[in-house]
Amino acid sequence: MALRLIHELLLFEALREGLEEEMDRDPTVCVMGEDVGHYGGSYKVTKGLANKYGDLRVLDTPIAENSFTGMGIGAAMTGLRPVVEGMNMGFLLLAFNQISNNCGMLHYTSGGQFKIPIVIRGPGGVGRQLGAEHSQRLESYFQSIPGIQMVACSTPYNAKGLMKAAIRSENPVILFEHVLLYNLKERIPDEEYICNLEEAEIVRPGEHVTILTYSRMRYHVMQAAKTLVNKGYDPEVIDIRSLKPFDLYTIGNSVKKTHRVLIVEECMRTGGIGASLTAAITENFHDYLDAPIVCLSSQDVPTPYAGTLEEWTVVQPAQIVTAVEQICQ
């Protein structure tokens, strides 16, 4: 048997390795954003790339999200494959017009004359005491834009694989990275691989209840799963990864097996990812459900600065355990 070579990386390093491999493979791949050049990005995802590829392919921009996002979209229209970094996902609200009216629509409004192969990526989420404006849950904002795909990485392995797949996609892709996951460490293969942009991951097979989650909440769910197993429950945990479109094949097969669904998200309860996922499951798999779908979401409040209060705005493992016990009664 051939020896499978592996190496160990932190999540932010895996993102950089995937980006660097694609820049080596395809000269049309370029990077732009605030401090992505010689500083190496706000979380060092682009560290060293400016020295290797030069200032034309790794472009430091002014502090103007609407301008450099629009520039990235224009570059994609003319044949490049830009990777645009938002220093914080909250800052991309300043580019919402460009992302919605240009990035998402141009392929359609041009009658297919233009493709927009752009990746818009950056950190978001709750947990670093960055205050309300910099700790928002904006996944559902971007999910609502027609014409855009959205994925959320959760491990170094899928961070690299999703980065490479997003760059190769002919569609605009938003890659959501959680601020608390950048220093996760994992062994990943030396050989090249990519992850399917539209495929969920079964993290833990089970029989009693389907728990759907993504990003940081994957780890809260797995912590709860240990307690649930000790209590005699057998949860199936699925990291949906693709926030748009949902992998209804994987999700549906799980629902048909367990007949019960719990959704755990860090997004807001009102109009969040969980609400869209609940609707999709209800429309497609209602006949297989033995209990109402339960969705655990963040509270509909601005994120507090105080660490204890901030943490309690998001779902905790104990809440997941209680919800499963109630669903399985």
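The values are calculated or read from the model by the stated rules, or taken from the named source; none is laboratory data. Since this is a predicted model, take the numbers as computed values, not measurements. Counting neighbours? That spans all protein chains shown, and the Cβs are built from the backbone with ideal geometry, glycine included.
Just the residues that are part of a helix (DSSP H, G or I) and surrounded by 21 or more Cβ atoms within 10 Å (Cβ to Cβ), please, taken from the stretch 13-49.
Applying the first criterion (part of a helix (DSSP H, G or I)) to the stretch 13-49 yields 13-25, 49.
Matches in the stretch 13-49: E13, A14, L15, R16, G18, L19, E22, M23, L49.
Looking at the stretch 105-198, the helices (runs of 4 or more DSSP H) lying wholly inside it that each contain 3 or more residues that are under 14 Å from F12 (Cβ atoms) sit at 156-168. Within the stretch 260-295, the residues that satisfy the criterion of being crowded, with 22+ Cβ neighbours inside 10 Å, under 19 Å from F176 (Cβ atoms) and among the aliphatic types (A, V, I, L, M) are I263, V264, M268, I273, L277. Under the condition of being out of contact with any Leu (no Cβ under 6 Å at 6 or more places or on another chain), of a type in the set (A, V, I, L, M, F, W, C) and either under 15 Å from G127 (Cα atoms) or part of a strand (DSSP E or B) (or both), the residues counted in the stretch 297-329 number 5.
Could we say that G48 is small (G, A, S), touching a Leu at 6+ places or on another chain (Cβ under 9 Å) and modelled with pLDDT of 95 or more here? No; evaluated as a whole, the condition is false for this residue. Residues being surrounded by fewer than 24 Cβ atoms within 10 Å (Cβ to Cβ), over 27 Å from R269 (Cβ atoms), of a type in the set (S, T, Y) and in contact (Cβ under 8 Å) with a residue 60 or more places away in the chain are represented in the stretch 151-159 by at least one member.
Taken over the stretch 1-38, residues that are within 18 Å of the chain's Cα centre (by Cα) and either without any contact (Cβ under 8 Å) to a residue 40 or more places away in the chain or not assigned by the TED database to the domain that holds F68 (or both) amount to 1. The residues of the stretch 108-148 that are surrounded by 18 or more Cβ atoms within 10 Å (Cβ to Cβ), hydrophobic (A, V, I, L, M, F, W, C) and more than 15 Å from K244 (Cβ to Cβ), listed by number, are I116, I118, V126, L130.
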